[in-house]
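Visitor: I have a structure here, written as structure tokens, and I will follow up with some questions on it.
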Amino acid sequence: MTGKMKALFKSKPGQGAVLKEVPIPQIKGDEVLVKVKAASICGTDKHIYEWDKWSASRIKTPMIFGHECAGEVVEIGNKVTKIKVGDYVSAETHFPDQTCKLCQMGLMHVCREMKILGVDVNGAFAEYVVIPEICAWKNETDLPIAIASIQEPFGNATYTVMASDVKDKITVIIGDGPIAAFAVGIAKAQGAKPVIAVGKHPFRMDLLKKMGADHILDSGKDDVVAEVMKLSDDYGADVVLEMSGSKQGIEQGFKMLRKAGHFTAFGIPSEPFEFDYANNLVFKDLTLKGISGRLMFKTWEQLSEMLNKKLVDPTPVITHQLPFSDWQKGFDIVTSKDREVGKVVFLFD
């Protein structure tokens with residue numbers, strides 16, 4: 001396909017972004033061209049927009065950013081066999097090389113040569129995006145476009161919960177970002193009893209409530225470890241899903257977890273910190289699981305089943321839907337210090 005498209009660029013190092021008109025990208029034999037219908041803002045996009053230390057060390061400008069997206073396939077490469085023009089797809093944003101030893105072991109989600117959409121290659125804040133055929137996930141035709149666009153982060157939450165065996169377990173979810181809110185709904189759907197959510201920001205704590213949390217604790221006001229012990233009859237949590245990445249949240253998570261419990265780590269600390277390895281992990285006989293991305297493609301099967309069967313409703317977390325032309329307003333919302341936002345979804349013509 002030839003022609004021009006509008007795309008949101010990081011044109012140079014520093015805060016901000018710029019909307020440009022550029023040629024529609026060309027596809028290779030194993031790729032598909034997707035006309036983007038919706039794209040949502042991720043925490044990673046916020047970091048890139050604000051240009052923090054991570055972005056400065058990772059992002060090479062100029063580049064189109066954004067990665068959470070859904071749309072219609074409008075062109076396919078000559079090696080594509082399973083995806084057709086007209087298919088309604090969402091993007092698995094981790095592009096594996098499919099040849100390294102980890103990929104051959106069925107661990108594509110941690111491929112050694114992984115490329116990430118909107119981080120390592122041009123992304124989805126554009127009218128068209130190129131993705132490998134293997135990363136084009138076909139959606140049911142009646143799936144609302146805003147929900148289709150947030151399946152990637154919903155998948156992060158799905159992997160976090162499904163790796164933790166929460167059924168009939170006292171489950172604590174630490175963090176009040178959108179992925180933590182998704183995790184609350186998924187944990188409820190998977191039979192966690194009760195689901196205890198730990199947040200900090202009033203607006204987002206209300207989202208945790210809307211997603212079905214049985215108890216909500218305020219990390220800025222409550223002694224959350226003591227409260228969890230009280231709610232569990234001094235037993236402690238069976239499962240802790242740490243999704244804040246804060247030093248305080250991580251330390252509290254290990255303290256509230258019972259012996260032989262399960263700690264699942266998704267949140268990413270901003271910097272290294274000292275950790276009591278012996279007392280927090282070894283002597284408590286814990287199971288510790290790290291989460292990176294989504295299992296390709298088991299997690300997608302799981303999340304699709306939950307969404308298609310309406311076992312989880314993620315719409316409370318989608319707090320803003322804006323036309324792509326209002327991209328600046330969208331980033332003003334997600335970078336505001338009041339945190340009165342869940343997911344912001346851009347809708348395309």
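Visitor: For region 101-167, what size does the Cα cloud have along each of its three principal axes, sorted from largest down, in whole Å?
Guide: 38, 32, 19
Visitor: In addition: Roughly what would the spin-label model give for ILE268 and GLN98, points 7 Å off Cα along C-beta, in nm?
Guide: Modelled inter-label distance: 2.6 nm.
Visitor: On a straight-distance basis, which lysines could pair with LYS82 in a cross-link, Cα separation under 16 angstrom, same-chain partners fewer than 8 positions away excluded?
Guide: LYS28, LYS138
Visitor: Quick check: residue separation of GLU340 and LYS12 times 0.36 nm, minus the Cα distance between them. What number comes out in nm? Don't skip to the answer; put the middle values down first.
Guide: Values: separation 328, 0.36 × 328 = 118.08 nm, distance 2.88 nm.
Extra length from GLU340 to LYS12 when fully extended: 115.2 nm.
Visitor: Between GLN328 and ASP52, how high is the FRET efficiency from 1/(1 + (r/R0)^6) when r is the Cβ-Cβ distance and R₀ = 22 Å? Nearest 0.05.
Guide: On the way: r = 19 Å, r/R0 = 0.87.
Efficiency, rounded to the nearest 0.05: 0.70.
Visitor: LYS247 to LEU19: extension gain in nm, 0.36 nm per residue of separation minus the Cα-Cα distance?
Guide: Values: separation 228, 0.36 × 228 = 82.08 nm, distance 3.66 nm.
So the extension gain works out to 78.4 nm.
Visitor: Which value, to two decimals, describes the C-alpha radius of gyration of the chain once divided by 2.2 N^0.38 Å?
Guide: Working: Rg = 20.2 Å, N = 349, 2.2 N^0.38 = 20.4 Å.
Rg over 2.2 N^0.38 Å, computed on Cα atoms: 0.99.
Visitor: Please list, or write none, the aspartates and glutamates whose alpha carbon is within less than 19 Å of the alpha carbon of LYS337, excluding same-chain residues fewer than 8 places away.
Guide: ASP45, GLU50, ASP52, ASP176, ASP206, ASP218
Visitor: Related question: Just to compare against my own numbers: the Cα pair-distance distribution for region 235-339, 5 Å bins, whole % per bin, please.
Guide: Result returned by the calculation: 2, 9, 13, 15, 14, 16, 15, 8, 4, 2, 0.
Visitor: Under a plain spin-label model, where a point goes 7 Å from the Cα along Cα-to-Cβ, how far apart in nm are ASP222 and PHE297?
Guide: Distance between the two pseudo-spin positions: 4.0 nm.
Visitor: Also, I was wondering about something else. Give me the distance in nm between label points sitting 7 Å out from Cα along the Cα-to-Cβ direction at GLU113 and ASN279, one decimal.
Guide: About 4.7 nm, to one decimal.
Visitor: So, one more: Pull up the cross-link candidates among the lysines for LYS259, meaning alpha carbon to alpha carbon under 19 Å and not fewer than 8 places away within one chain.
Guide: Within reach: LYS167, LYS169, LYS193, LYS230, LYS284, LYS289.
Visitor: To make sure I understand, if each residue's beta carbon is the centre and we count other beta carbons within 10 Å, what order do VAL228, VAL22 fall in, fewest to most? All intermediate terms of the calculation are to be shown ahead of the outcome.
Guide: Numbers: VAL228 27, VAL22 16.
Least crowded to most crowded, the residues run VAL22, VAL228.
Visitor: Here's a follow-up. Would you kindly work out the equivalent ellipsoid of region 155-290 from its C-alpha gyration tensor and give its semi-axes, the square roots of five times the eigenvalues, largest first in whole Å? Mind showing how you got there, number by number?
Guide: Values: eigenvalues 77, 52, 45 Å².
Ellipsoid semi-axes (Å, largest first): 20, 16, 15.
Visitor: Past 25 Å, Cα to Cα, is the threshold; run LYS221/LYS247; LYS12/LYS200; LYS221/LYS255; LYS101/LYS247; LYS37/LYS210 against it and keep the listed order. List each step's numbers first, then the result.
Guide: On the way: LYS221/LYS247 17 Å; LYS12/LYS200 34 Å; LYS221/LYS255 17 Å; LYS101/LYS247 34 Å; LYS37/LYS210 27 Å.
With Cα atoms farther than 25 Å apart: LYS12/LYS200; LYS101/LYS247; LYS37/LYS210.
Visitor: Here is a further query. List THR299, THR81 from most exposed to least, where exposure is judged by having the fewest other Cβ atoms within 10 Å. Before the final figure, lay out the partial values.
Guide: Numbers: THR299 23, THR81 9.
So the ranking, lowest neighbour count to highest, is THR81, THR299.
Visitor: In degrees, nearest 10, range 0 to 90: what is the angle between the Cα axis of helix 247-256 and the longest Cα principal axis of the chain?
Guide: 50 degrees
Bear in mind that the values in this text are calculations on the coordinates, not laboratory data. Here the structure is a predicted model, which means the values were calculated and not measured. Cβ: placed from backbone, ideal geometry, glycine included. Neighbour counts: every protein chain shown.
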